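The values are calculated or read from the model by the stated rules, or taken from the named source; none is laboratory data. Since this is a predicted model, take the numbers as computed values, not measurements. All Cβ positions, even for glycine, are placed from backbone atoms using ideal geometry, and neighbour counts span all protein chains on display.
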Amino acid sequence: MTVATHKTTLDVINLNIALPNGVRILRDVSLSLEPGEVRALVGESGAGKSMIGKSVLGILPPSLRVTEGEIILEGQHLNAMSPSTRRTTVAKTAALIPQDPLTALNPVRKIGPQIVDPLIRIHGWSADKARARALDLLDRVHIRAPERVMNSYPHELSGGMRQRILIAAAFAPSPRLIVADEPTTALDVTVQKQILRLIRELQQETGTAVLFVTHDMGVVAKISQKVTVLFAGKVMEDATTKAVFTDPQHPYTRALIAATPSYADLERPFSPVPASLISDLHQQIAQDDALYKGARR
Amino acid sequence: MADTTISTPRARRSGKPNLRLWLPLLWLGFVALAAILAPLVAPHDPLTQDLMLERLPPFFIDGTEPGYLLGTDSLGRDVLSRMIHGARIALFVSLIAATATCLFGSVLGLVAGYFGGWWDRVISRLVDIWMAFPPVLFAVLLVAVMGTGLTSVIAAIALIDWTRFARVIRAETMVQSRMDYVDSSRIGGARRIATLASEILPNVLPSIIALLMLEMGIAVIVEAILSFVNLSISSDDPTWGSMIAEGRNAIHFAWWVLLFPLIALFLTVLSFSTLGEGLKQRFDPVLQ
């Protein structure tokens, strides 16, 4: 077991999350992020990708519980903290770029306060300083007329603009870690590219570590240095992005890459992840679960 | 990246005036003014009886006496003056009772919907149990126990109808609680209670206002019903309900005693519920 040093931004060690009936959503997940590193979390829907980010940020749905494992953010053990200390610690060090820009901004509040209020709360900045920071960030995500946008309601802006605003809001408090939860899924393809470029630009400028949740292998190749492949809440492969694409070790990773349509080769037939592989994996996981239960008894 | 999608929020408002908002406001303003200025604007004392002037018809029918615009009742009391004084009681009850009901029910609904868990279980069960009582029987029972009078009427309304607010606001709060911006607020370091106040409450507020207006209308009706069965304030005092109850006996030869307070009651209740809808639209930036 690795001992957390202050060098890593995030360490997740043997994380298990379970439903009230005991069924595990995450199975002994471990991963770590170096400062300034982008790690992609890939897997199919329901693989538990988002749950890792949510448990780090402390926004798991109330029915889910962390049953075992450690989350260490900037050297601080989150599980050992009281809820209020944890809340302020997370607020100071981490931020979220959410999946759906249409529901991530409060429809009845203007954009300005939605970016500015957390800055005042987290850093104790003056309203003017927080406002200047928000305007600066909006400018950095290429929002024209940021003053006017700050004074707008979310429904007055397009989806792409809202996602850029959310990126600005995530970077504004200078977090050490950003969880990007499928930030491009809800956008159309032309906007997706811009958004990816923006996140990468800001990430490189600020040296923020990013946990990038996605199911799109194409996005993985563009943005990340490391990859964690998940299946049914279990880590299948953890490697550098280069290694994953050039020499994938796990059969599931190979199948995922093979299933990604290629724009260069449109003639190639579509090859989904084979059903036999999936049933094999499920069998393995059932065995794991039996062992896990036995060990805990 | 074209930032041309900023629409002007006031575009729709500059069109034709919102009748749903202004017609009810006009009528309610009129009633409120009459209620506030009752002693000044009422042409007669609402309690003065004059058996020589009993059952005078309203002004547009032959055989009327000047000065009695809407006629008199079977004891010779001026119908218009009694209606104006009745507006006082109707509005007073609706304002106090509906506000109390709204505060009590909405707070419980917000807490149950947002905090969930035990809070939700206890509050929801309480609502279920409460709603199993037949409301009219419950009201009559409450007033019978507490004694007649305005306080009892107000208490009865609040104690019966808080479940309406609790149920609706709980459901809306639950929907809002699942929104991503609630998570974002938590990640941004906001306390739960602050998140509830700054993120969820503004989204639920239009519904609270609409329900509040509806409740004001309901309070007017409940007060009228309790007056009708003589469980509100003393039957001498002019309330719309007691006027309707009295007018019932003479409906075949003096219909105006019943009809005019009934119209006032109808318009007031209708205005409240329409105003609720109008305000809901007005305050919702998305619907605008």
Check on B:MET146, at pLDDT below 90, of a type outside the set (Phe, Trp, Tyr) and farther than 16 Å from B:ILE221 by Cα
yes
May I ask you to verify whether B:ILE160 is in a helix (DSSP H, G or I), away from chain A (no Cβ under 14 Å) and crowded, with 16+ Cβ neighbours inside 10 Å?
yes
Residue identified as closer than 17 Å to B:PRO238 by Cβ, within 28 Å of the chain's Cα centre (by Cα) and of a type in the set (Asp, Glu) among B:ASP50, B:ASP45
B:ASP45
Where a residue in region B:156-168 is under 20 Å from B:SER232 (Cβ atoms) and its partner, wherever it lies, is buried (at least 24 other Cβ atoms within 10 Å of the Cβ) and acidic (Asp, Glu), with Cβ under 7 Å and at least six apart:
B:ASP161/B:GLU215
Exclusive hit being within 14 Å of chain B (Cβ to nearest Cβ) and within 18 Å of A:LEU230 (Cβ to Cβ), set A:LEU78, A:LEU60, A:LEU73, A:LEU41
A:LEU60
Scan region A:161-182 residue by residue and report those that are touching an Asp or Glu at 6+ places or on another chain (Cβ under 8 Å) and more than 21 Å from A:VAL38 (Cβ to Cβ).
A:MET161
Every pair of residues 6+ apart whose Cβ atoms lie under 8 Å, when the first sits in region B:21-39 and is within 15 Å of B:VAL93 (Cα to Cα) and modelled with pLDDT of 90 or more while the second is among the aromatic types (Phe, Trp, Tyr) and not in a helix (DSSP H, G or I):
none
Of the residues A:THR208, A:THR228, which single one is within 19 Å of A:LEU26 (Cβ to Cβ), of a type in the set (S, T, N, Q), crowded, with 16+ Cβ neighbours inside 10 Å and touching a residue at least 40 places away in the same chain (Cβ under 8 Å)?
A:THR228
Checked region B:28-44 for anything surrounded by 14 or more Cβ atoms within 10 Å (Cβ to Cβ) and among the β-branched types (Val, Ile, Thr); matches are B:VAL31
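From B:ILE225, B:ILE218, B:ILE233, B:ILE209, grab the single residue that is within 14 Å of chain A (Cβ to nearest Cβ), surrounded by 17 or more Cβ atoms within 10 Å (Cβ to Cβ) and aliphatic (A, V, I, L, M).
B:ILE209
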Criterion violated by B:SER74 - all others in (1) surrounded by 23 or more Cβ atoms within 10 Å (Cβ to Cβ); (2) among the polar types (S, T, N, Q); (3) outside any helix (DSSP H, G or I) satisfied:
(1)
Quickly run through region B:45-67 and pick out the residues that are over 24 Å from B:VAL93 (Cα atoms), surrounded by 12 or more Cβ atoms within 10 Å (Cβ to Cβ) and hydrophobic (A, V, I, L, M, F, W, C).
B:LEU53, B:LEU56, B:PHE59
How about region B:182-206: which of its residues are within 9 Å of chain A (Cβ to nearest Cβ) and small (Gly, Ala, Ser)?
B:SER184, B:SER185, B:GLY188, B:GLY189, B:ALA190, B:ALA194, B:SER198
Only one of (1) farther than 22 Å from A:GLY53 by Cα; (2) more than 13 Å from chain B (Cβ to nearest Cβ); (3) of a type in the set (Val, Ile, Thr); (4) crowded, with 19+ Cβ neighbours inside 10 Å is not met by A:VAL219, so which one is it?
(1)
Any hit, region B:114-132, residues being of a type in the set (Lys, Arg), within 14 Å of chain A (Cβ to nearest Cβ) and either out of contact with any Asp or Glu (no Cβ under 6 Å at 6 or more places or on another chain) or in a loop (DSSP other than H, G, I, E, B) (or both)
yes
Residue ID - nearest to the other protein chains (Cβ to nearest Cβ), chosen from residues in region A:99-110 that are surrounded by fewer than 24 Cβ atoms within 10 Å (Cβ to Cβ) and closer than 23 Å to A:LEU41 by Cβ
A:THR103
May I ask you to list the residues in region B:249-288 that are surrounded by 20 or more Cβ atoms within 10 Å (Cβ to Cβ) and closer than 17 Å to B:ILE225 by Cβ?
B:LEU258, B:PRO261, B:ALA264, B:LEU265, B:THR268, B:VAL269, B:PHE272
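Do we find a residue being under 30 Å from A:ARG27 (Cβ atoms), within 13 Å of chain B (Cβ to nearest Cβ) and modelled with pLDDT of 90 or more anywhere in region A:117-138?
no
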Might you let me know whether region A:158-166 holds any residue that is within 9 Å of chain B (Cβ to nearest Cβ), surrounded by 21 or more Cβ atoms within 10 Å (Cβ to Cβ), part of a loop (DSSP other than H, G, I, E, B) and of a type in the set (A, V, I, L, M)?
no
Within region A:233-252, tally of residues that are closer than 16 Å to A:GLN283 by Cα and within 17 Å of the chain's Cα centre (by Cα)
3
Restricting attention to region B:133-157, and to residues there that are polar (S, T, N, Q) and assigned to a helix (DSSP H, G or I), which single residue is nearest to the other protein chains (Cβ to nearest Cβ)?
B:THR151
